[in-house]
1. Check whether at least one residue in the range 140-147 is aromatic (Phe, Trp, Tyr) and modelled with pLDDT of 90 or more, and report yes or no.
2. Counting only residues that are touching a residue at least 12 places away in the same chain (Cβ under 8 Å), assigned to a helix (DSSP H, G or I) and more than 27 Å from the chain's Cα centre (by Cα), how many does the range 206-227 have?
3. Leu116 versus (1) touching a residue at least 12 places away in the same chain (Cβ under 8 Å); (2) surrounded by fewer than 21 Cβ atoms within 10 Å (Cβ to Cβ): which is the lone unmet condition?
4. What number of residues within the range 1-35 satisfy the criterion of being crowded, with 17+ Cβ neighbours inside 10 Å and either among the charged types (D, E, K, R) or in contact with an Asp or Glu (Cβ under 8 Å, 6 or more places away or on another chain) (or both)?
5. Within the range 228-239, restricting attention to residues that are surrounded by 14 or more Cβ atoms within 10 Å (Cβ to Cβ) and part of a helix (DSSP H, G or I), which residue is modelled with the lowest pLDDT?
6. Restricting the first residue to the range 86-105 and requiring it to be of a type in the set (Asp, Glu), which pairs with a second residue that is buried (at least 21 other Cβ atoms within 10 Å of the Cβ) meet a Cβ separation below 8 Å and a spacing of at least six or different chains?
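The values are calculated or read from the model by the stated rules, or taken from the named source; none is laboratory data. Worth saying up front: this structure is predicted, and the values here are computed from it rather than measured. Glycine gets a Cβ as well: all are built from the backbone with ideal geometry, and neighbour counts include every protein chain shown.
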Amino acid sequence: MLNTHVSNKVRYFSSLFIALYLLIVSYSIETLHWGDDATFLAIANQTNFNILDWLYNRYFEWSGRVTIEFLMLGTINYPAFWKILIPLTMLLMATSISNIIFNEVKAFAVLLILVLMAISPVEIISESTYWVTGFYNYLLPLSLGLYCFSILIKKAPSRMSMVFSFFSVFIFAYQEQVVVLFLLACVCVPNFYKDKFKLALIFFVIVNAAVLFLAPGNANRLLISYWGAFPQYLDFGLPEQLALGFDKLYQGFIFPDNWPLFIFLGMLCGRYFFINRYAVSEKISLVVLVFFMAFFLAHAQEFPFSSQSFAKAQYIGEINSDAIIGGKMYVWYFAFLLVLVSSLILILRQLTSFGVQILIVLSLGIASVMMMGFSPTVYSSTYRVQLIFEVSLIMAILFQFRTLKEEYENVQELEPGST
């Protein structure tokens with residue numbers, strides 16, 4: 001009875017906090033007077049503007065994201081629309097993640113997801129969520145992709161949710177990162193080929209993705225991007241492109257405010273307080289991750305006028321000729337690899353619980369950043385392209401939270417006098 005009373009209070013205060021937070025977010029958002037916001041506002045405000053003609057030319061000359069840009073151009077002039085849609089999309093993403101991990105929508109889980117999003121690197125969240133055109137191109141398709149996947153793995157989804165999942169494809173299948181990772185994630189769904197709904201949905205995604213990737217404008221955009229964003233890219237082969245993706249991933253790890261990463265690694269290490277025996281490799285991995293977390297905190301609180309800060313000697317990413325010649329980049333890469341390998345070792349130790357899911361989620365998140373190495377806009381796209389990686393960290397935290405919760409409940413059941 002007490003647990004039910006406490007749960008009701010948690011649910012009530014979580015729901016209240018979520019509502020107030022999203023209300024404040026909605027009030028705070030506005031279009032920028034520069035960048036893509038200003039560009040697309042100017043296009044939408046042209047006299048006698050014909051959106052269908054513009055999209056037709058755009059498809060053949062620049063980009064295959066026709067449905068996303070149709071929605072964006074048709075609504076960017078109506079602040080009330082995206083002021084409502086952005087917080088609702090944040091809520092959709094949080095509830096979809098809760099459904100994927102807990103098989104239900106939990107108010108506290110939704111609250112935790114929104115809080116973790118709020119303390120993610122401001123460069124990533126501001127560009128992909130609060131920047132209006134960034135929202136249309138990143139948060140919206142990602143949220144709809146997560147929703148569609150949550151319906152895909154449900155045993156008995158409602159007819160309404162199945163219909164909405166098909167409509168969501170028209171948006172998320174036209175964002176390159178999201179649709180590729182969605183299809184990779186579908187491969188991990190057991191026996192998906194035995195369900196007609198799942199097969200039809202995946203086929204529908206593939207058809208729309210083909211429209212995106214086969215757009216004639218993609219080749220023209222790529223050629224212009226070479227000269228406008230990264231002229232040296234023309235001389236790069238596969239090893240160099242992979243190196244660019246690795247460098248972009250490295251940048252995500254060294255953000256001084258990447259608190260979801262810190263929390264995930266902290267929870268990963270914290271579980272070893274309850275393990276009696278572990279291998280030498282695990283002990284070394286713990287030392288490496290504890291050192292990284294100590295450096296993270298020191299970096300986050302760096303005194304700006306200090307000349308002795310360890311972080312001032314840090315390689316901050318974005319490969320250039322000076323970095324390649326100097327040795328600093330390779331030293332920091334080696335340290336980064338140690339952190340990655342140490343994390344992998346500790347995750348593999350947890351395969352009996354939710355280690356497999358954590359490994360899959362983080363692998364997809366890492367792939368979302370690594371694939372940027374195959375584009376000359378790897379750096380000019382700035383930080384919004386790392387949104388999926390941050391969401392993968394948040395999902396990994398929730399999987400660990402579920403593991404701890406279930407282990408605690410099992411211990412409670414085994415204790416004498418427990419009911």
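1. Here is the first cut: in the range 140-147, the ones aromatic (Phe, Trp, Tyr) are 147.
When the remaining residues are screened for being modelled with pLDDT of 90 or more, the result is 147.
Yes, the range 140-147 has at least one match.
2. Filtering the range 206-227 down to residues touching a residue at least 12 places away in the same chain (Cβ under 8 Å) leaves 206, 208-209, 211-218, 220-222, 225-226.
The next check asks that each one be assigned to a helix (DSSP H, G or I); those that pass are 206, 208-209, 211-213, 217-218, 220-222, 225-226.
Narrowing further to those that are more than 27 Å from the chain's Cα centre (by Cα): 220.
Adding up the residues that qualify gives 1.
3. Exception for Leu116: condition (2).
4. Residues meeting the conditions: 1.
5. Let us first name the residues in the range 228-239 that are surrounded by 14 or more Cβ atoms within 10 Å (Cβ to Cβ), namely 229-230, 233, 236.
Checking the rest, the ones that are also part of a helix (DSSP H, G or I) come to 229, 233.
On the way: Ala229: 69, Tyr233: 80.
That would be Ala229.
6. Glu104/Ser98
For every residue, the table says whether it meets (1) modelled with pLDDT under 85; (2) more than 19 Å from the chain's Cα centre (by Cα); (3) not assigned by TED's automatic domain parsing to the domain that holds Val178.
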| position | (1), (2), (3) |
| --- | --- |
| Ile324 | yes, yes, yes |
| Val331 | no, yes, yes |
| Ala335 | no, yes, yes |
| Ser342 | no, yes, yes |
| Ser353 | yes, yes, yes |
| Val369 | no, no, yes |
| Gly373 | no, no, yes |
| Tyr383 | no, no, yes |
| Glu390 | no, no, yes |
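Let's see how each residue does on (1) surrounded by fewer than 19 Cβ atoms within 10 Å (Cβ to Cβ); (2) among the charged types (D, E, K, R); (3) modelled with pLDDT of 90 or more:
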{"residue": "Phe197", "(1), (2), (3)": "yes, no, no"}
{"residue": "Ile202", "(1), (2), (3)": "no, no, yes"}
{"residue": "Val205", "(1), (2), (3)": "no, no, yes"}
{"residue": "Tyr226", "(1), (2), (3)": "yes, no, no"}
{"residue": "Pro260", "(1), (2), (3)": "no, no, yes"}
{"residue": "Asn276", "(1), (2), (3)": "yes, no, no"}
{"residue": "Leu286", "(1), (2), (3)": "yes, no, yes"}
